[in-house]
């Protein structure tokens with residue numbers, strides 16, 4: 001019998017939740033069901049809340065450092081969940097994965113250098129690169145037999161032609177939810193090492209593997225990967241604690257690590273704050289049952305969305321993810337332009353989903369749906385989408 005209740009609908013108004021407070025800014029209206037930004041609408045594991053409450057009841061909140069047990073909790077978690085061995089000196093705190101990517105971009109590359117991204121992909125990859133005056137070099141994913149995969153030949157070609165200094169890898173891939181296999185990751189590492197290219201691997205969704213699948217950390221696949229790789233992770237998506245801003249990185253290559261970590265230290269970019277380490281340690285040491293039950297619930301949500309679309313909205317296809325609570329919806333069979341797809345979602349269905357085009361040109365015809373919510377919320381949203389699609393198609397026929 002499950003211990004935790006994920007059916008409970010929690011009102012997040014008045015909590016400064018971006019998912020709600022930014023609806024007007026991002027979508028131009030506030031009367032929308034928010035199924036966009038990638039956090040969960042589930043109550044946080046109570047053991048995390050208790051650990052934070054216990055510390056915050058102490059009357060002094062002075063300067064503090066991460067305890068040894070915090071670092072050990074990350075090490076033990078990676079070994080237990082993913083069979084991935086790391087040691088303390090290979091770890092560094094970072095105040096968010098995107099910030100960690102930005103640190104790597106600024107340290108390992110210079111203005112005008114090329115950075116490879118694999119579109120459609122998490123949009124901050126492009127924002128960080130272009131915002132720091134680097135060149136974005138696209139290596140779009142391709143679709144083979146109905147499944148997305150890397151275009152490795154294309155990667156080799158673009159690396160030879162553009163001579164990029166870095167690749168930002170998404171593993172598992174956001175927004176599509178692919179867990180890259182070990183052979184693919186080894187090939188990426190080999191290409192990178194041969195061409196003196198750093199690979200920054202965003203693995204923030206790595207703990208969210210579905211249906212018994214296993215996460216494959218980039219740094220685990222080969223000596224080439226360990227020579228060129230910077231791996232980023234966090235408990236934020238895993239345990240729904242992004243507001244604590246507790247992330248970490250792993251660099252295996254001692255020469256790369258010494259200078260990079262020294263730079264982070266000199267600029268105090270690696271200094272954790274009190275609640276970050278307490279919340280993360282509690283998550284990694286006491287939250288495993290909560291996570292397993294949450295993933296079981298999310299997997300059932302995915303089954304529900306897939307079945308509902310197949311039976312009631314056949315013009316909308318779901319790309320089933322290997323990992324995470326984000327679902328890539330394909331609207332192309334409706335034969336609508338991207339503007340009309342978003343108008344359908346916003347103005348007719350009153351749903352806030354991420355516009356597929358924000359992930360790159362290859363995302364046109366798609367939208368990203370966050371199904372990390374109580375099933376009744378997802379069911380109501382799908383019913384609204386069904387009604388909107390039927391109304392739109394009826395008007396087109398008439």
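Below is a table of values for the structure above.
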{"read-out": "Single unsatisfied condition, residue 272 versus (1) part of a loop (DSSP other than H, G, I, E, B); (2) modelled with pLDDT of 95 or more; (3) in contact with a strand residue (DSSP E or B) (Cβ under 8 Å, 6 or more places away or on another chain)", "value": "(2)"}
{"read-out": "Residues being surrounded by 14 or more Cβ atoms within 10 Å (Cβ to Cβ) and free of Cβ contacts under 8 Å to residues at least 40 places away in the same chain - total across region 144-174", "value": "7"}
{"read-out": "Residues (in contact with a helix residue (DSSP H, G or I) (Cβ under 7 Å, 6 or more places away or on another chain), surrounded by fewer than 17 Cβ atoms within 10 Å (Cβ to Cβ) and modelled with pLDDT of 95 or more) located in region 48-66", "value": "55"}
{"read-out": "Among the residues listed as 230, 188, 199, the single one being in contact with a strand residue (DSSP E or B) (Cβ under 6 Å, 6 or more places away or on another chain), free of Cβ contacts under 8 Å to residues at least 40 places away in the same chain and under 16 Å from residue 167 (Cα atoms)", "value": "199"}
{"read-out": "Any hit, region 87-94, residues being over 22 Å from the mean Cα position of the chain (by Cα) and closer than 30 Å to residue 8 by Cα", "value": "no"}
{"read-out": "Residue within region 387-397 that is touching a residue at least 12 places away in the same chain (Cβ under 8 Å) and under 29 Å from residue 241 (Cα atoms) present", "value": "no"}
{"read-out": "Meets criteria (in contact with a helix residue (DSSP H, G or I) (Cβ under 8 Å, 6 or more places away or on another chain) and not assigned by TED's automatic domain parsing to the domain that holds residue 140) for residue 381", "value": "no"}
{"read-out": "Residue that is farthest from residue 184 (Cα to Cα) [pool: residues in region 128-149 that are touching a strand residue (DSSP E or B) at 6+ places or on another chain (Cβ under 8 Å) and assigned to a loop (DSSP other than H, G, I, E, B)]", "value": "134"}
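The values are calculated or read from the model by the stated rules, or taken from the named source; none is laboratory data. Bear in mind the structure is a predicted one, so any value in this text is a computation, not a measurement. Don't worry about glycine lacking a Cβ; one is built from the backbone with ideal geometry, like all the others, and counts go over all protein chains shown.
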